[in-house]
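Enquirer: Right, I'll just put the structure down here and ask away after.
The values are calculated or read from the model by the stated rules, or taken from the named source; none is laboratory data. It should be emphasised that the depicted structure is a prediction, and the values quoted were computed from it without experimental measurement. Cβ coordinates were reconstructed from backbone atoms using ideal geometry, including for glycine residues, and neighbour counts include every protein chain displayed.
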């Protein structure tokens with residue numbers, strides 16, 4: 001089984017560009033509404049009703065918004081119950097396109113937004129004030145709001161003058177649906193599943209066919225476009241499947257906002273998602289070198305049959321060793337020091353896979369010696385790996401028995417107790433594989449320690465055995481010659497046999513350096529990913545590794561290549577000339593078509 005865990009970064013607040021940070025309104029005092037109106041009042045009733053007060057939307061140029069709506073295209077969707085839109089105004093045209101695609105006019109709009117500044121006393125906040133914008137006033141649905149407030153689940157609505165997840169969208173909503181009423185709801189990070197579930201019941205019970213839910217969220221933050229594209233792949237799958245578990249790993253400014261949306265839609269039996277747009281700040285500004293990219297995914301939800309498309313993402317890293325000089329560093333600086341340069345890198349994937357070059361045990365570690373080859377890892381460090389979304393480990397290597405069968409047994413127990421998946425055995429004797437399920441998609445992992453003189457047929461038999469039970473199958477062999485930058489004939493023979501038996505992807509380790517990629521029968525073989533966390537600082541090659549983002553779908557596989565340096569006891573993702581040089585060399589040496597060579601050099605095998 002796979003363990004889905006809360007993102008450790010839920011308190012990281014990534015703000016939109018400066019033009020979207022603050023609303024013009026200055027009203028903070030909020031009390032229970034002084035007016036009562038029907039849930040779906042008529043236009044006359046709205047106009048004649050006095051509001052408790054008025055918030056001001058963020059001041060945007062009227063002509064700019066009108067222009068965005070003039071260029072929306074020809075998408076028309078009926079019976080739309082919810083949409084996902086961005087609030088980053090750099091992509092205001094995407095907001096307009098999404099709202100303009102809705103042919104039915106809603107009576108009530110529930111606007112779900114992150115609580116970017118974590119203000120207020122409760123998990124959820126709302127406001128019964130009306131909203132003013134360049135297109136006139138948008139009236140609050142006070143009956144709906146007061147019902148929520150009386151339930152005790154929505155409190156302290158004073159935050160809204162500065163909540164750009166709401167104020168940025170108000171002019172667009174007012175332009176598209178001037179006669180609708182609004183129910184703004186801001187959601188704090190870290191809201192428990194139980195609280196989200198209870199609130200979704202309240203929301204779903206109050207909605208009608210004329211209620212539109214808008215989730216105001218921005219996706220991938222603080223990364224370059226290459227990472228953003230990979231992370232957005234996982235986000236698209238989560239959106240399409242209403243995945244309340246996987247969304248905790250999604251690179252989005254508020255997983256709680258999406259989780260509340262998903263839970264509410266599930267209760268009103270709305271399941272079909274149609275993606276309208278996928279873009280990012282680098283693309284819009286035509287600045288591919290941008291390193292602080294925000295992504296935008298917009299789409300609509302209808303009460304229709306959902307797509308049965310399969311999609312799963314994996315982030316794979318190489319040899320991971322937490323003893324010797326790595327241990328010395330961790331004991332001084334902490335294991336977090338390897339990951340915290342940019343913690344969002346470790347979001348945006350369903351599974352993070354590593355070759356665990358040793359075991360978590362209670363055995364004392366050896367005295368510090370560069371020649372020591374007996375590795376034991378502190379079990380307390382497992383929680384840090386989980387925090388950065390590591391989920392799955394291969395134990396099929398030559399160090400898993402450094403402390404005998406007792407040490408190996410301790411390791412598997414620690415992993416099990418932490419609900420982490422593992423597979424493979426150092427002697428290829430047992431537990432060769434595991435099957436993980438994500439969003440009803442199954443993926444098999446098979447481990448193979450080729451340094452152990454067992455028959456390759458045992459591994460191909462295991463591949464053949466589990467192949468009918470899985471949608472996709474990955475093999476993680478530990479093989480080859482240390483420090484050799486090319487695969488051996490034995491590696492190639494074994495790799496071809498594994499793919500013939502049913503493997504979809506092969507991710508090799510052990511040489512401690514990166515080895516070339518090969519395409520065989522349309523399948524990708526990564527002969528060696530090199531080192532991920534290690535203390536082999538004696539050469540540039542051992543200080544360098546390759547991490548791979550993988551997306552497996554019904555249409556095939558895509559790969560994103562992210563070279564790293566593990567020098568200075570941290571993980572540094574290579575950029576610029578260093579990255580380009582490494583990928584160019586990898587491309588030149590790989591056994592693939594000319595087209596794939598170009599893709600490898602660009603870091604994306606599509």
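Enquirer: Out of (1) out of contact with any helix residue (DSSP H, G or I) (no Cβ under 9 Å at 6 or more places or on another chain); (2) modelled with pLDDT of 95 or more; (3) within 27 Å of residue 555 (Cα to Cα), what's the single condition that is false for residue 286?
Expert: (3)
Enquirer: Quick check, is residue 188 in the same structural domain as residue 69 (by TED's automatic domain parsing), over 22 Å from residue 92 (Cα atoms) and surrounded by fewer than 21 Cβ atoms within 10 Å (Cβ to Cβ)?
Expert: Working: in the same structural domain as residue 69 (by TED's automatic domain parsing): yes; over 22 Å from residue 92 (Cα atoms): yes; surrounded by fewer than 21 Cβ atoms within 10 Å (Cβ to Cβ): no.
In short, no.
Enquirer: Considering only region 425-441, state which residues are without any contact (Cβ under 8 Å) to a residue 60 or more places away in the chain, outside any loop (DSSP other than H, G, I, E, B) and surrounded by fewer than 19 Cβ atoms within 10 Å (Cβ to Cβ).
Expert: Across region 425-441, the qualifying residue is only 435.
Enquirer: Could you say whether any residue in region 420-427 is assigned by TED's automatic domain parsing to the domain that holds residue 336 and farther than 21 Å from residue 316 by Cα? Don't jump to the end; show me each part of the working.
Expert: Within region 420-427, the subset assigned by TED's automatic domain parsing to the domain that holds residue 336 is 420-427.
Restricting the remaining residues to those that are farther than 21 Å from residue 316 by Cα gives 427.
Checked region 420-427: at least one residue is assigned by TED's automatic domain parsing to the domain that holds residue 336 and farther than 21 Å from residue 316 by Cα.
Enquirer: Whether any residue in region 336-351 is modelled with pLDDT of 95 or more, in contact with a strand residue (DSSP E or B) (Cβ under 6 Å, 6 or more places away or on another chain) and within 30 Å of residue 455 (Cα to Cα) is what I want to check.
Expert: Yes: region 336-351 contains one or more residues that are modelled with pLDDT of 95 or more, in contact with a strand residue (DSSP E or B) (Cβ under 6 Å, 6 or more places away or on another chain) and within 30 Å of residue 455 (Cα to Cα).
Enquirer: Kindly indicate whether residue 599 is over 19 Å from residue 321 (Cα atoms), without any contact (Cβ under 8 Å) to a residue 40 or more places away in the chain, touching a strand residue (DSSP E or B) at 6+ places or on another chain (Cβ under 6 Å) and assigned to a helix (DSSP H, G or I). Before you say what the answer is, go through the steps one by one.
Expert: Numbers: over 19 Å from residue 321 (Cα atoms): yes; without any contact (Cβ under 8 Å) to a residue 40 or more places away in the chain: yes; touching a strand residue (DSSP E or B) at 6+ places or on another chain (Cβ under 6 Å): yes; assigned to a helix (DSSP H, G or I): yes.
Against the criterion (over 19 Å from residue 321 (Cα atoms), without any contact (Cβ under 8 Å) to a residue 40 or more places away in the chain, touching a strand residue (DSSP E or B) at 6+ places or on another chain (Cβ under 6 Å) and assigned to a helix (DSSP H, G or I)), residue 599 qualifies.
Enquirer: Filter region 286-305 for residues that are under 21 Å from the mean Cα position of the chain (by Cα) and either assigned to a strand (DSSP E or B) or outside the structural domain of residue 234 (by TED's automatic domain parsing) (or both) and give the result.
Expert: Correct list: 293, 294, 295, 296, 297, 298, 299, 300, 301.
Enquirer: So, residue 203, is that one in the same structural domain as residue 124 (by TED's automatic domain parsing) and closer than 22 Å to residue 121 by Cβ or not? I'd like the intermediate steps shown before the answer.
Expert: Numbers: in the same structural domain as residue 124 (by TED's automatic domain parsing): yes; closer than 22 Å to residue 121 by Cβ: yes.
Yes: the conditions hold for residue 203.
Enquirer: Any residue at all in region 154-164 that's part of a strand (DSSP E or B), at pLDDT 95 or above and within 31 Å of the chain's Cα centre (by Cα)?
Expert: Keep residues of region 154-164 that are part of a strand (DSSP E or B), which gives 154.
Filter again for at pLDDT 95 or above, leaving none.
Within region 154-164 (the criterion being part of a strand (DSSP E or B), at pLDDT 95 or above and within 31 Å of the chain's Cα centre (by Cα)), the answer is no, since none of the residues qualifies.
Enquirer: What's the total number of residues in region 381-424 that are within 30 Å of the chain's Cα centre (by Cα) and outside any helix (DSSP H, G or I)?
Expert: Of the residues in region 381-424, the ones within 30 Å of the chain's Cα centre (by Cα) are 381-397, 411-424.
Then keep just the ones that are outside any helix (DSSP H, G or I); that gives 388-397, 418-424.
Residues in region 381-424 being within 30 Å of the chain's Cα centre (by Cα) and outside any helix (DSSP H, G or I): 17 in total.
Enquirer: Being in contact with a strand residue (DSSP E or B) (Cβ under 8 Å, 6 or more places away or on another chain) and in contact (Cβ under 8 Å) with a residue 60 or more places away in the chain is the filter here; which residues of region 361-388 pass it?
Expert: Hit for region 361-388 is 388, nothing else.
Enquirer: Any idea which of 366, 341 is in a loop (DSSP other than H, G, I, E, B) and either outside the structural domain of residue 449 (by TED's automatic domain parsing) or surrounded by 15 or more Cβ atoms within 10 Å (Cβ to Cβ) (or both)? Lay out the reasoning, then the answer.
Expert: Details: 341 fails: either outside the structural domain of residue 449 (by TED's automatic domain parsing) or surrounded by 15 or more Cβ atoms within 10 Å (Cβ to Cβ) (or both).
Answer to the selection: 366.
Enquirer: Based on what the data block shows, is residue 203 farther than 30 Å from residue 62 by Cα and surrounded by 22 or more Cβ atoms within 10 Å (Cβ to Cβ)? Steps first, answer last, please.
Expert: Numbers: farther than 30 Å from residue 62 by Cα: yes; surrounded by 22 or more Cβ atoms within 10 Å (Cβ to Cβ): yes.
When the stated conditions are applied, residue 203 passes them.
Enquirer: Based on this model, can you work out whether residue 547 counts as part of a loop (DSSP other than H, G, I, E, B), touching a strand residue (DSSP E or B) at 6+ places or on another chain (Cβ under 8 Å) and at pLDDT 95 or above? Steps first, answer last, please.
Expert: Working: part of a loop (DSSP other than H, G, I, E, B): no; touching a strand residue (DSSP E or B) at 6+ places or on another chain (Cβ under 8 Å): yes; at pLDDT 95 or above: yes.
The answer is no for residue 547.
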